[in-house]
Amino acid sequence: MTDGDGHQDDHGHGHIHLEYQPALPLNNGKLCMWLFLSTEIMFFAALIGTYIVIRFGAPVWPTPEEMHLSEPVGAFNTFVLICSSVTIVLALEAAKSSQVSRARLYIIITFLLGSLFLGVKAYEYRSKFSHGIYPQLPRSLMYEKPDVYYAAAVHKSLLTAQEELTGKVQALEADEEQEVPAVMQQRLSTVTALTTGLARWTEEEAAFGNTEAIVQLASLVNPVQGKGPQETPLRAEKEAIEVRLKDLEGQQKQLLAEQTALQQKVDDETANEDDATRLETVAAELLIIPEQISLASSRVKALNFLLNPGASSELMGLNERFSKDEETGEKLARPWLILPIMIPGANMWAATYFLMTGFHAIHVLVGLIIFALAIPMTLDRSREVFLENSGLYWHFVDLVWIFLFPLLYLF
Amino acid sequence: MSENQSNHEGGPQGHDSHDHEDHGGFTTYMFVFGGLIVLTIISFWIGNSDLKNQSPVAAWAGMMAVSCGKAMLVILFFMHLKWEANWKYVLTIPAMMMSIFLVVMLVPDVGMRTLRYSEERIIHAAESTLHIDEHGGEHDEDNDHSEDAAH
């Protein structure tokens with residue numbers, strides 16, 4: 001009897017040789033790898049598809065420049081991954097012809113290129129975090145609208161910084177052996193001036209209907225599209241407030257004089273009803289004026305800080321100034337203060353960006369582990385299947401990045 | 001069932017390795033590499049060009065077409081699918097259909113969510129920052145300090 005191809009019936013003499021007939025003309029490992037890859041295609045299709053739908057259905061979406069995304073860096077990463085795709089396929093070619101050392105060299109190059117990709121990704125992530133761009137609240141410092149919640153968040157942030165610095169300064173002052181560094185004193189006075197002159201000033205303005213003040217606050221903290229604050233309007237405001245400050249102080253003197261005069265009348269019992277009411281009014285106004293004076297003078301201090309960039313020659317947004325050394329102008333390792341920023345649509349941007357690139361980075365890491373395991377192996381013909389399947393996985397990782405790069409960086 | 005031990009060339013009846021010898025090769029891969037680089041440059045150029053301002057949809061369509069081109073190069077040549085048998089269609093076509101369906105099915109739901117936003121949602125929704133550039137230099141006109149009289 002014959003069952004299909006190759007079945008040799010031994011007529012009972014002991015040895016029956018059965019031949020396996022694969023349903024598909026490829027080995028198990030390759031089939032399983034392709035099945036896995038089609039599930040991975042569905043996985044990334046889910047992530048990328050929802051990004052597409054969320055982005056194009058969003059009321060507003062930030063540009064790559066606003067989110068500190070550098071296209072050349074993304075293009076460099078694309079180039080690195082394309083090169084690593086080429087080297088893994090060349091490693092496979094070398095293994096097929098049993099050129100073991102050549103194959104190992106190509107695997108090592110692929111591994112290094114993949115690590116370079118991850119290193120550049122880490123650098124990109126760090127630059128996001130240092131601007132306050134995190135995938136999730138509460139660490140994320142991004143607000144979507146220039147409303148009272150944003151102004152309150154900036155105020156709270158400045159108050160917290162003020163308390164921290166005050167605590168540190170007081171601790172150093174109490175300790176007689178240590179001195180308070182000049183930088184710390186300077187920062188404390190800056191934060192104090194900004195808390196009242198910038199945050200509280202803006203909140204008061206907004207409370208009286210001037211919501212443009214919050215928009216101005218947002219652009220002072222994080223200027224739109226990298227342009228620093230504009231000098232002319234700030235100078236004009238400063239002059240206007242200095243004039244107002246003089247008026248207030250004059251008013252205060254006048255009211256004090258009036259109060260003394262009226263009080264004298266009351267004491268002499270020559271006051272009438274009008275004088276009494278007037279005395280009350282004057283007293284009430286005198287209660288408010290010191291507050292207004294201090295607010296206005298804080299505003300002048302804050303504007304002075306904004307208009308004097310120190311080591312730099314151009315005006316910068318506040319967050320950018322806090323990331324640079326006050327004297328030398330060099331970039332600090334970490335900014336000493338990051339205020340909340342206002343970028344419409346930014347939180348959804350961050351959520352989708354970090355999700356997609358994060359999952360992709362995990363897949364790259366898995367690929368690197370596979371290559372690390374492959375490096376000590378003897379990559380001859382017998383390992384061809386393993387190498388081919390590792391290559392398939394790595395090409396898939398490259399494929400995902402081929403779609404991610406334009407979607408995230410160029411769109 | 002040990003036919004995938006690599007002493008055999010892909011299986012007792014497998015014939016993949018025989019064909020592999022003639023396919024691919026250093027020159028082909030170098031051409032594909034060159035093609036990928038050229039396509040990347042093209043998509044980078046489209047993304048930074050004026051087309052994005054004039055007709056963003058055309059720019060996006062162009063960049064997606066370039067991406068699909070690069071994907072086809074990688075899939076056909078690097079992943080060797082150009083020379084594989086018909087099983088490649090069984091694996092790739094359903095996956096592609098699913099990807100497209102997923103996006104299309106989400107459009108009327110998540111993609112058009114702003115059409116059914118409640119009043120409160122609209123109030124708190126983000127707005128474009130374009131108006132900041134217009135008003136950024138005009139704030140001083142509004143310094144109407146009416147606090148002294150009112151309260």
Item to complete: Considering every residue within the range A:259-267, establish whether at least one is among the hydroxyl-bearing types (S, T, Y) and either in contact with a helix residue (DSSP H, G or I) (Cβ under 6 Å, 6 or more places away or on another chain) or under 30 Å from A:E66 (Cβ atoms) (or both).
Response: no
Selection from the range B:74-88 of residues surrounded by fewer than 17 Cβ atoms within 10 Å (Cβ to Cβ) and facing chain A (nearest Cβ under 10 Å) yields B:A85, B:N86, B:W87
Residue pairs qualifying under the 6 Å Cβ cut-off, at least six apart or on distinct chains, with the first in the range A:320-338 being closer than 14 Å to A:N308 by Cα and the second being among the polar types (S, T, N, Q), are A:G329/A:S312
Taking the range B:74-132 and keeping only residues that are in contact (Cβ under 8 Å) with a residue 60 or more places away in the chain and either over 22 Å from A:V89 (Cβ atoms) or part of a helix (DSSP H, G or I) (or both), one is left with B:W83
*Among the residues of the range A:199-208, is any under 26 Å from the mean Cα position of the chain (by Cα), surrounded by fewer than 19 Cβ atoms within 10 Å (Cβ to Cβ), within 29 Å of A:L159 (Cβ to Cβ) and among the basic types (K, R)?*
no
Exercise. For the range B:45-52, state whether one or more residues are more than 9 Å from every other protein chain (Cβ to nearest Cβ) and at pLDDT 90 or above.
Key: yes
Matching residues in the range A:319-372 (closer than 29 Å to A:M184 by Cβ and among the small types (G, A, S)) number 3
If you go through A:Q162, A:Q170, A:Q185, A:Q178, the only one that is farther than 18 Å from A:M316 by Cβ and not in a helix (DSSP H, G or I) is A:Q178
Per the filter on the range A:212-245, residues farther than 15 Å from A:L303 by Cβ and either modelled with pLDDT of 90 or more or buried (at least 18 other Cβ atoms within 10 Å of the Cβ) (or both) are A:E212, A:I214, A:V215, A:A218, A:N222, A:P223, A:V224
The residue that is farthest from B:N53 (Cα to Cα), considering only those in the range A:72-82 that are within 8 Å of chain B (Cβ to nearest Cβ) and crowded, with 17+ Cβ neighbours inside 10 Å, is A:I82
If we ask which residues in the range A:130-148 are under 8 Å from A:N347 (Cβ atoms) and under 10 Å from the mean Cα position of the chain (by Cα), their number turns out to be 2
If we keep only residues of the range B:53-63 that are surrounded by fewer than 16 Cβ atoms within 10 Å (Cβ to Cβ) and part of a helix (DSSP H, G or I), then the residue nearest to the other protein chains (Cβ to nearest Cβ) is B:P56
By my count, helices (runs of 4 or more DSSP H) wholly in the range A:308-411 with at least 2 residues that are surrounded by fewer than 19 Cβ atoms within 10 Å (Cβ to Cβ) and within 18 Å of the chain's Cα centre (by Cα) are A:346-374
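The values are calculated or read from the model by the stated rules, or taken from the named source; none is laboratory data. These figures come from a predicted structure and were not determined experimentally. Because the Cβ atoms are built from the backbone with ideal geometry, glycine has one as well, and the counts that use them run over all protein chains shown.
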